[in-house]
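Taken together, the values in this text are just the output of simple stated rules run on the coordinates, not laboratory data. Owing to the predicted nature of the structure, the values given are computational and were not obtained by experimental measurement. Cβ: placed from backbone, ideal geometry, glycine included. Neighbour counts: every protein chain shown.
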Amino acid sequence: PARYNYVVWDDDIIKYVIDIIYNRDFKPYFLLPCLLLSLHYGLRRGEVMGLKWSDFTSYSFKVSRTKTYIKDSFVSSTPKNGKFREIMLLPKDYDYFVDYNHNFKSNIDGYFIRDNLGNCPTHLDRPFKMFIGKYQLPSIRYHDLRHSYATYMLRHGVHPKIVSSVLGHSSIDITLDLYSHADISMQKACLNVL
């Protein structure tokens, strides 16, 4: 089957969105911490919705469950490749998440991201499209935030093995296959060597 040709945001758009996230109140946007988790840490939307506050420490968080659609309902399951992973946190992001957690009452299951409609990954799609429209951003799917993260990291010289580990890929081959051709600007490293 033909692979989906994903679209990624460039460095300027990512910086602009991160500035919006840090400088806006949470109240209309449970979406903002979701965007931060996907843009800074490459999380899938199901992984974002599967996080619990107990997964966080002041320096890291664990991706140990995901919300997924099985038999006409959303359930909690293990991450896509069946492996748990721990991801280091920026101190500024930890403070942001503490503030969010303090301002929103935990739902009955203890999930970190709380939405009036529930805790389903698809509930991110509509607010995300509205966010894109409000700030006149290039239109992408929510999952393309993950692609934007990976491409950004590789473009800025982070070793593919580290990017693979943070993304939770089962092997570096998956990361290299997906992103080695993602952005022609990454080829500057070759020119610099020459």
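Distance check, please: which entries in K134/K161; K52/K92; K52/K129; K83/K134; K62/K161; K15/K129 exceed 27 angstrom between their Cα atoms?
Going by Cα-Cα distance, K134/K161; K83/K134 fall outside the 27 Å limit.
Quick one: which residues, 5 or more positions from L89 or on another chain, have an amide H under 5 Å from its amide H? H modelled 1.01 Å from N in the peptide plane, none for Pro or chain starts.
S60, F61
Show the residues, 5+ positions off or on another chain, whose built amide H is closer than 5 Å to the amide H of K52.
Excluding prolines and chain starts, which carry no amide H, the hits are F112.
May I ask for the net charge around L37, where only other residues with Cβ less than 15 Å from the Cβ of L37 are counted and Lys, Arg are +1 while Asp, Glu are -1?
+2
Which value, in debye to the nearest 20, describes the size of the charge dipole of region 129-174 about its Cα centre when Lys and Arg Cβ atoms bear +1, Asp and Glu Cβ atoms bear -1, and nothing else is charged?
For region 129-174, the charge dipole is close to 180 debye.
Provide the gained length on full extension for the span L194 to K15, in nm with one decimal, where the gain is 0.36 nm per separating residue minus the Cα-Cα distance.
61.4 nm
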